[in-house]
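What follows is one structure encoded as structure tokens, with my remarks underneath.
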Amino acid sequence: MNKVYKILITVLVVLEIVHICPQALLINLSRDAVENPKLVDKIIKKNLKFVNIDVDIPQIVGLINENGEKVINNEISDWTDSWINEVKETSEDLTPTIPYELNAKYTLTNNEAILSFYIDYYQFSGGAHGITTRKSYNIDIKSGKKIELKDLFKVGYDYKKNINELIQKEINKHPDYYFTGKEGFNGIKDNQSFYIKNNKIIIYFPYYEIAPYVAGMPEFEIPYDMQEFKEKIG
């Protein structure tokens, strides 16, 4: 009877670990068992006195560079924890009559040569509407290193000029949707946010950066040949 009881307890503990941190078992698998890096869910769900939390963020499993994988996973977890704790502290100080809402979901957009995905963090803390913060990640699957926009192009190629022209061309089609002058689009940044989808670079801008809230989160598709990147990394 004691043996059966111990087995039952062990099974329940394993199931609880998988529920809280489903990547736990996958990480312990042989690295050869994972043909391509994958994203697994890390779920944080709590209903506190002043905040309702429903968060689903990704953790990477299967990169050849295990240290690089760990660094990126920790970066995602740390940023998420900081975001949650900041809102919790604010809610406790202000004691809102309606609980704040924190939601996060992720989307995988590319898994060939470059692992590309983004996380949308939504926060409602009163007012007319909530706000979404998007964090994107682009990782060289072979090296396990994060990729910046400049890394996609050959050295010396004026990618900023060409991308700026394409974006401005799209803005000119609907100028009323965007801010003008210093508040409007004045070129992409060195650390410009983007993700890869369907062999295109998707450049995006946060709410209010180049357009009013009603315009949403502006996105611009930039044609890109993924084969060129594959040839660069060998």
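No lab work stands behind these numbers, since they all come straight from the coordinates. Just so it is clear, the structure is predicted and the values come from calculations on it, not from any experiment.
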So who's got an amide H within less than 5 Å of the one on VAL51, skipping anything under 5 residues away but keeping other chains? H placed 1.01 Å off N, in plane.
TYR100
Karplus-derived 3J(HN,Hα), 6.51/-1.76/1.60, for each residue of region 50-62, Hz, glycine and proline x:
10, 9, 9, 10, 9, 10, 10, 10, x, 10, 7, 10, x
Cross-link table LYS105/LYS200; LYS45/LYS145; LYS142/LYS232, entries beyond 19 Å C-alpha to C-alpha:
LYS105/LYS200; LYS45/LYS145
For region 124-212, radius of gyration divided by Kirkwood radius, i.e. Rg to Rh on alpha-carbons
1.01
What are the ³J(HN,Hα) values, in whole Hz, obtained from phi via the Karplus relation 6.51 cos²θ - 1.76 cosθ + 1.60 with θ = phi - 60°, for each residue of region 75-85 in sequence order, with x given for Gly and Pro?
4, 5, 5, 5, 5, 5, 4, 5, 4, 5, 5
Along region 129-140, what does the Karplus equation 6.51 cos²θ - 1.76 cosθ + 1.60 (θ = phi - 60°) give for ³J(HN,Hα), rounded to whole Hz, x for Gly and Pro?
7, x, 9, 10, 10, 9, 10, 10, 9, 10, 10, 5
